[in-house]
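Report on one structure; see the data block that follows.
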Amino acid sequence: MLYIPIVSSFIISFRKYSLLSSSNPFVGLKNYIKVIQDPSMAAALKNTFYYVFFTISGATTIALALALMMDRLKFLENFYRTIYLIPLMISMVAISQLWLFIYDYITGPLNYFLGLLGIAKQPWLTSTKLAMPAVIIMSIWTLIGKSMIIFVAGLKNIPEEYYEIAKIDGANAFQILKDVTLPLLKPITLVVIVVSTIDAFQVFTQIYVMTEGGPMHSTTVIVYEIYQKAFLYFRMGEASALAYILFTIVFILSLLQLRVLRTKY
Amino acid sequence: MRIKLRIVSLIRKKRWGLLMHILLLAGAATMMVPFIWMVSTAFKPTIGIIGEFSLIPKNPTWDNFRKALEVMPLALFYFNTLLVTLVKVGTSLFFCALAGFAFAKLRFPFKEGIFIAILVTMMVPFQARLVPLYMMMHRFNLIDTKTSLIIPHLMSTFGVFLMRQSIEAIPNELIDAAKIDGYSLFGIFWHIVLPLSGTVLATLAIFTFVWSWRDFLWPLIMISSKKNMVIELGLAFFGQEFIDLYGPMMAGGVLAIIPILVFFLILRRQFVRGMTLSGLKGV
């Protein structure tokens, strides 16, 4: 009766961790203070919040809008779903390299198309002002699909009767959207937002490939700094402090997620 | 008058419908165009790339692919990635199902507590364990080995959670009947629980497969020698050789993408199901 759980527990213990908040010798809170003082780490904190806010709001809104339209029209639904999922399946490195090319100042197609519209070429990834927005746009492009399929699944779960009753009551399309569809989607929307936010805080690959922390730390993010500090500079203590901060953020968000799920039922 | 109103509202509906169709198609185009550019650029000769902005290359050539393959041992990368991923999927399925079975159907002291402890682990981001894990690997002399890629991911808490939820749904009568028939505990697991969990196992398999295939940070930290690299890592590493040489870079990317893309297109339905479930983690 007991040996199976023991086997499972043994394997599970691979996942237990011990977190070092300070290096040897014991230095107290010095590492945490360094996180705020060190320009690159402080920038990482700021940039990550900035990134998360815009990427999530952008991706979720667009995903929701697309899902609503797809639910309405039903036409080509599978095709759209597949298309939007592709960036989530394939190599993030390849996607980042692709966008590195797209954003290229001289040879990139984006600047070319802007030129056709009469807009000046922009130094996307080399400008401190534009680099982060460029990464955000690319991330939104990548992430739309993930939220979208969940919204589609949620929309499918709304029983037809609700719509019929609303129509009988004389509601037009906007009112149906506002008073029936959206309120019923609220729990799913919250879950989607929290889960995507947790993921977004851990962004790394596109930063590593496209900007390496960006011109003058303008695109460095938490995980990138952890990577740099721990494995390029071997400052394990500082990296761990930063990692612990990330853990705290994610932990709080996860608790939020649990709270949201509980109220759903 | 009434007929007029009817026609007007019909046209209005059609107009909105048309607008939505256009938006949806525009969205799909936005998703596809970058990939088209990628393939197109992969076939453009390096000399011509500057200044050539046509969608269809004027002088298509296989040169870039040749260059990319000269520099990147792609087959080796694929082999490594496949090996590591398949092992991870195999162990994941087995151990998560085992643990899920234990938590769903068996009784043992502190069951609830242990399960909650495991769930809590789900809330810890991988990066928080990065440094200690690295040190552990170092102590076991596993730096720069494929084994080090596998070990931290032998199973996943999400998998355990998923399996427990689904195994819970198996009627207890079946298990009791099996016990009466003389099956051992493991026998029950192997002959009854596993076959009944087909769908969930498939979903978990796909989820784990994609996750492992795309993993970048951990291989980046662990592996430094070419012979042990996985695709994501290899692509990034050698991509740096092609900075500003977008032709070969895109060619490499195309070669890296195609197999998984084909895989995805064939198993579309399972992927969608897997992604929906994983996105609804915990629902």
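Condition check ((1) more than 10 Å from every other protein chain (Cβ to nearest Cβ); (2) surrounded by fewer than 18 Cβ atoms within 10 Å (Cβ to Cβ)) across all residues:
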position: A:THR205; (1), (2): no, no
position: A:MET210; (1), (2): yes, no
position: A:PRO215; (1), (2): yes, yes
position: A:MET236; (1), (2): no, no
position: A:ALA241; (1), (2): yes, no
position: A:VAL250; (1), (2): no, no
position: A:ARG259; (1), (2): yes, yes
Practice problem: State whether the residues of segment B:224-237 include one that is more than 20 Å from the chain's Cα centre (by Cα) and of a type in the set (Phe, Trp, Tyr). | Solution: yes
Quiz item: Does segment A:149-168 contain any residue that is closer than 30 Å to B:PHE238 by Cα and either within 12 Å of chain B (Cβ to nearest Cβ) or hydroxyl-bearing (Ser, Thr, Tyr) (or both)?
Solution: no
Quiz item: So B:TRP190 clears everything in (1) in contact (Cβ under 8 Å) with a residue 24 or more places away in the chain; (2) of a type in the set (Phe, Trp, Tyr); (3) more than 10 Å from chain A (Cβ to nearest Cβ) except one condition, right? Which one?
Solution: (1)
Quiz prompt | B:ILE206 vs. criteria in contact with a Gly (Cβ under 7 Å, 6 or more places away or on another chain), closer than 30 Å to B:LEU233 by Cβ, assigned to a helix (DSSP H, G or I) and modelled with pLDDT of 85 or more | solution = yes
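Within segment A:181-188, identify whether any single residue is surrounded by fewer than 17 Cβ atoms within 10 Å (Cβ to Cβ), more than 30 Å from B:ASP244 (Cβ to Cβ) and among the hydrophobic types (A, V, I, L, M, F, W, C), and answer yes or no.
The answer is yes, given that some residue of segment A:181-188 is surrounded by fewer than 17 Cβ atoms within 10 Å (Cβ to Cβ), more than 30 Å from B:ASP244 (Cβ to Cβ) and among the hydrophobic types (A, V, I, L, M, F, W, C).
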Quiz item: Which one of these is of a type in the set (A, V, I, L, M, F, W, C) and at pLDDT below 90: A:ILE4, A:ILE86?
Solution: A:ILE4
Self-check item: Single match in B:LYS146, B:LYS226 (criterion: more than 13 Å from chain A (Cβ to nearest Cβ), surrounded by fewer than 16 Cβ atoms within 10 Å (Cβ to Cβ), charged (D, E, K, R) and in contact (Cβ under 8 Å) with a residue 24 or more places away in the chain)
Solution: B:LYS226
Self-check item: The listed residue being within 12 Å of another protein chain (Cβ to nearest Cβ) and out of contact with any Gly (no Cβ under 7 Å at 6 or more places or on another chain), out of B:VAL71, B:VAL120, B:VAL89
Solution: B:VAL120
Quiz item: Among the candidates B:VAL33, B:VAL87, which residue alone is of a type in the set (Val, Ile, Thr) and either touching a Leu at 6+ places or on another chain (Cβ under 6 Å) or more than 24 Å from A:THR142 (Cβ to Cβ) (or both)?
Solution: B:VAL87
Practice problem: For segment B:70-87, indicate whether the set of residues that are of a type in the set (Asp, Glu) and surrounded by 15 or more Cβ atoms within 10 Å (Cβ to Cβ) is non-empty. | Solution: no
Exercise. Please go through segment A:71-81 and pick out each residue that is within 11 Å of B:VAL272 (Cα to Cα) and over 20 Å from the mean Cα position of the chain (by Cα).
Key: A:ASN78
Practice problem: Spot the failing condition for B:ALA169; the list is (1) free of Cβ contacts under 8 Å to residues at least 12 places away in the same chain; (2) surrounded by 18 or more Cβ atoms within 10 Å (Cβ to Cβ), and only one is missed. | Solution: (2)
Practice problem: Please find, within segment A:121-161, the residue that is nearest to A:ILE83 (Cα to Cα) out of those that are at pLDDT below 90 and surrounded by fewer than 17 Cβ atoms within 10 Å (Cβ to Cβ). | Solution: A:LYS156
Quiz item: For segment A:50-124, which fully contained helices (runs of 4 or more DSSP H) count at least 3 residues that are among the aliphatic types (A, V, I, L, M) and more than 7 Å from chain B (Cβ to nearest Cβ)?
Solution: A:109-116
Quiz prompt | helices (runs of 4 or more DSSP H) lying entirely in segment A:146-207 (those with 3 or more residues that are within 30 Å of A:MET92 (Cα to Cα)) | solution = A:182-201
Quiz item: (1) at pLDDT 85 or above; (2) loosely packed, with under 14 Cβ neighbours inside 10 Å; (3) β-branched (Val, Ile, Thr): which one isn't true of B:ILE243, the others all being true?
Solution: (1)
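The values are calculated or read from the model by the stated rules, or taken from the named source; none is laboratory data. Because the structure is predicted, anything quoted here is derived from the model rather than measured. Positions of Cβ are backbone-derived with ideal geometry, glycine not excepted, and every protein chain shown enters the neighbour counts.
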